[in-house]
Structures are given as C-alpha cells and as structure tokens.
1. Compute the Kirkwood hydrodynamic radius of chain B, taking the inverse of the mean of 1/r over all pairs of distinct Cα atoms, and give it in Å to one decimal.
2. What net charge is computed for the residues neighbouring D:S85, neighbours being all others with C-beta under 15 Å from the C-beta of D:S85, Lys and Arg scored +1, Asp and Glu -1?
3. Starting from the Cα of B:D45, step 7 Å along the direction of its Cβ; do the same at B:D123; then give the gap between the two resulting points in nm.
4. Shielding by partners for D:115-127, please: the mean number of other protein chain Cβ atoms within 10 Å of each residue's Cβ.
5. Hey, what number do you get for chain B at 222 nm if only DSSP H runs of n ≥ 4 count, each worth -39500 (n - 2.57), divided across all residues, to the nearest 500?
6. About the Cα centre, and with charges only on the beta carbon of Lys, Arg (+1) and Asp, Glu (-1), how big is the dipole of region A:9-137? Nearest 20 debye, please.
7. Go through region C:71-145 and name the trypsin sites (Lys or Arg not before Pro) that are in a DSSP coil and have 11 or fewer other Cβ atoms within 10 Å of their Cβ.
8. Given a cut-off of 19 Å, name the pairs among A:K46/B:K46; C:K108/D:K93; A:K143/D:K93 whose C-alpha atoms lie farther apart than that in the structure shown.
4 protein chains.
Amino acid sequence: MTQTLALTRAQLQTFLDGDFGPLGGDFTVDRAEMDGLTLRLKSSDKFLRPGNTISGPAMFALADVAVYLAILSRIGMAPLTVTTSCSIDFMRKPEAGRDVLAHTRILKLGRTLAIGDALLFMDGLDAPVARANMTYSIPPDFKRA
Amino acid sequence: MTQTLALTRAQLQTFLDGDFGPLGGDFTVDRAEMDGLTLRLKSSDKFLRPGNTISGPAMFALADVAVYLAILSRIGMAPLTVTTSCSIDFMRKPEAGRDVLAHTRILKLGRTLAIGDALLFMDGLDAPVARANMTYSIPPDFKRA
Amino acid sequence: MTQTLALTRAQLQTFLDGDFGPLGGDFTVDRAEMDGLTLRLKSSDKFLRPGNTISGPAMFALADVAVYLAILSRIGMAPLTVTTSCSIDFMRKPEAGRDVLAHTRILKLGRTLAIGDALLFMDGLDAPVARANMTYSIPPDFKRA
Amino acid sequence: MTQTLALTRAQLQTFLDGDFGPLGGDFTVDRAEMDGLTLRLKSSDKFLRPGNTISGPAMFALADVAVYLAILSRIGMAPLTVTTSCSIDFMRKPEAGRDVLAHTRILKLGRTLAIGDALLFMDGLDAPVARANMTYSIPPDFKRA
C-alpha cells in the first residue's frame, strides 16, 4: 500500500462528474484521506420511495460508489474495478430532505481483490442509517500508481 | 398464507406506474404467481457504469423491487414494507443492451418479517448474473388481504 | 463444467471421515448429484445453545461443509478450496432432537471462484430453517478432474 | 441505552463457563466496555481444517458469540437472544497455533433487534483475518437491566 493517495479528492470528483457516467452527478466527495473517504449523496426527490423515505437502491448506490472511490484513491484510476458482492443492513429510517453521507474504511487491498465497508448517516444526525460491506475485483492487468 | 395472490400482475404494474414513485417506470412485471414473480428492468443507457456494463445499483434496485412486489402480491397493498437487509453477489458481467430479469422466491412470510431471494439473468441468456437475498419489515398494523 | 461428478457420494464421505479433520464425523452425505448435494448434520447435544435449539455456528458449519463438498464433487479433490464469504439468514427456530439437512445449489463454477447456496431444513419438516450464500476460492494451480 | 454495562466481564465469563453450553469453554472474555468487547478463541487443533488453518465455522462461532455477549453486556442476561443473520468475509488465511480475537461494535440496540459487527485478528498480528456483520432478535418480553 502506498502511504499517500494515488488520486486526490479533486481528481475523484472530476472523474465522478465526467467519465463515471450518468450516476456521478448525484455525489460529492467531501473528504479523501488515507484513513477513509466521505461521499455525499445530494438530497433529491428522485431518491424517495413510498413512505417519503430514501430508497434502498439510492443508499446502496452511495455505499457502492463510496467504497469504489476509496479503492481508486489508493490504487489509481482503475475504473474497471467492479463490485463482486455487497451485504447491507438498513438500520434506521432515513429522513427525506437531508443529504446522506457514507464514511468508508478499506480492510483489504490485495492485487486483484479489495474489501471495504461504509457506514451511512443522515447529514447532521448521529445514529447510522445503514452499513454496507463491499468486495471488489481489480483488473489483474492494472498497473498501480 | 393465502392460496391465491392478493394482488395480480396488473395491479402490481399499476402500482409501479403510479404510487411507487420515480423508480417505477423502469420496471415491468412479467409474471406474478404463487410460486414467484418475474420483474424486468428495461435496458437503458442510464443504468450503465464504466466498462459499458450494467451498474450494481441498477441490479440491486431490480432485486429489491422484485422481492418487494412478490411480498405485496402475497399479502396485499402494504407499500410501507421496507427493506431491512440485502446480500447480493455479482457473479458475471451483465451485457449492455439487454433487459435484466429477476426471478423471485419467498422463503418466509411472517407477520412482520418477510424473507426472499432473487436470481438475475440477462434476457435470453442462461447463466445468472447475480443473486440477492433480501429481508423486509412489514408494518405491524397492516391488515392482510 | 463436467457432465458427471468428479467425486461420488461415497468418495466424499470417505474424505469427511478421514482427511477432513475433526469436524467431519458430524456429517453424512445423503446425496450427491450433478444438480446438488444433500448433507446431514447428525443430531447431538453438543450443537445446542441456550433455548434448547441448534446453535448458529452448527448451522453455519453444515452450510459451509455442504457447499464445499458440492464444489469438490464437481471439480475433484481440491481440499484447499477455502470459504471467502458467507451470508446466512436464520429464518425459523430449529428444533432440538432432529438432524438438519442442507440442500445445495452451485450457481457459478469458475476457474478460481465458486458460488453456491444452501437451504437448511430440519429432517422431516417442510419450512426451511436457514439459507446461506457461500463463495469459495479454488487454488489457482489445482488441476481439475 | 444505559451508560454503564449491565453485565461485567467477569459475569459474562461465568455465563460462558456455565449456562452457555458446550461451546462456552473455548472462549475467554478479554475485555468488556461500553465501547465494545473483545472475545478470545483459544487455539486448539479441534478448530483446524484442511490446509492447517482455522476453520470457517470456528471463526463464525467466535464472531457470533462475541457480538451476542456484547449485546448481553448492554441489556442484561437475555440468553434467548438469537442470531437472525450473519454476513462474514474471510479476508486472510488465519495461521494455526495462535488465538483469534474478535473486537465488536454495537451499531443498533433496539427493543427487539440488535445489530453489531466484529473484526477478527490473529493474536499479535495487525491485519484482520475476517469481518462479520451480525443481527440478533431480543425476546420481546425481556425486561432490561
């Protein structure tokens, strides 16, 4: 593992806003450091589901993109890194009208396999709304930064 | 458990197209029977991620909505049923340009807890691209059909 | 994938009773076919936990060994195949005094990765007590049968 | 949530050594505090599997018992609290001949539902060997300390 980030917060945001594709515009990288990354899902009515709460798929997307970017921040621009599994628990009802924040942690960063997790919070509230465990496959021919 | 469906395929589709909210228009209920439901995610560029493949969040959404509808088909219109957990494995790369189908199975249908799973296929192909295990919480005050 | 089993039911049982190690004696391979394997955990007081019910670890062990053997039945004697993840839901309270049966399904059998699941039943009862999704890593230098 | 533990480290150890049942003797409670609990699985040949490594079921048992005890340390002696789900990733090969330690975290402590996780380490080594997410059902009629 490198001791400095391979991609900065600004570089990750540029990737989200450009090559990442149609989902990228919903997210802001609030923080990217060696010990973790914070990704923000901007509040929008399009993420609501019956009950005026944020949908499971929107929270899954937040957790997935957050850990994916955390991996890229460590190894460099390997966009073909793909999610291989996720286990997510929805622990509390998320309130509509607030952004959602994902705080990530990388637990393993192997040559072709990365494992991380994310804890999700409503912006301004203390109790986590969800937690997610994610695993990713890194292309074997990727040359790390 | 009732021996006939509480909601028909057509009633589920009407719910998707109306009260379900902004995500509903992406899905078609192909089949709804006592032994399971098939939900279709209509192919669209908006579901793509880097690598020209279907994004994890889009597949999560398909699995989640499919099992949710399968539960409603059995107990009646309880839209406030919420996902409490999901574990999903992405097993093969989904090809862009095809619809994705989720075939569901209900394994437990308790008073306030339902458990089901979904196997996801690209339309026309045999090998599953993902499997998902889902659990849901049914509102305790819901009166079943 | 081969179209016949690489290891028969009897060969798997011999492995369990010998090289598998101290856990092997608790299990019987009831069935091993191309479409799945059934493994039996023999009822014993040593698997009980408070509440006079079968412990979670005992059920995990049953699911894990069942899918592991199902993989070996397909690829041959690769004992260093290791579990990389498991997601298990305990759906109903298992009654003490009955054997537990795991019925497996293999969903992906790649060169170095295998994915399967197991549905667990108390012997003689219809409703599943648990379901488990398992992934395994196959040694890359293993030569298949 | 109480601000002091309902059960001390010594009380939890007494429970493990007595009423918990046959699995209890394999574990030592190293630490029990409001912010988490550390449980030790004592090294033994009986936990080995092919490859001279610690079996998945042994690590599952450690994670499961650790989070269970962490919940009891907070709410009091509710032994009929049962595991409802677990998702575990085995991240590195555990070396035989060392104890395994589980460090727990409680993420939700509701009236009838508790959610926690555990990170597992070989004693003396820095990189985690496994992580586990666990959910539990607390008997609804249990009166908390």
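1. 15.2
2. Summing Lys and Arg as +1 and Asp and Glu as -1 gives 0.
3. 1.9
4. Details: counts 7, 0, 5, 0, 3, 0, 0, 0, 0, 0, 0, 0, 2.
Whole-number average of other-chain Cβ neighbours for D:115-127 is 1.
5. Working: 2 runs with 29 residues, N = 145.
After summing the helix terms and dividing by residue count, I get -6500 deg cm²/dmol.
6. Computed about the Cα centre, the dipole is about 220 debye.
7. Qualifying residues, ordered by number: C:R111, C:K143.
8. C:K108/D:K93; A:K143/D:K93
Since every read-out is calculated from the coordinates, none of them should be taken as a lab result. Here the structure is a predicted model, which means the values were calculated and not measured. Heads up, the Cβs are rebuilt from the backbone with ideal geometry, glycines too, and the neighbour counts pull from every protein chain shown.
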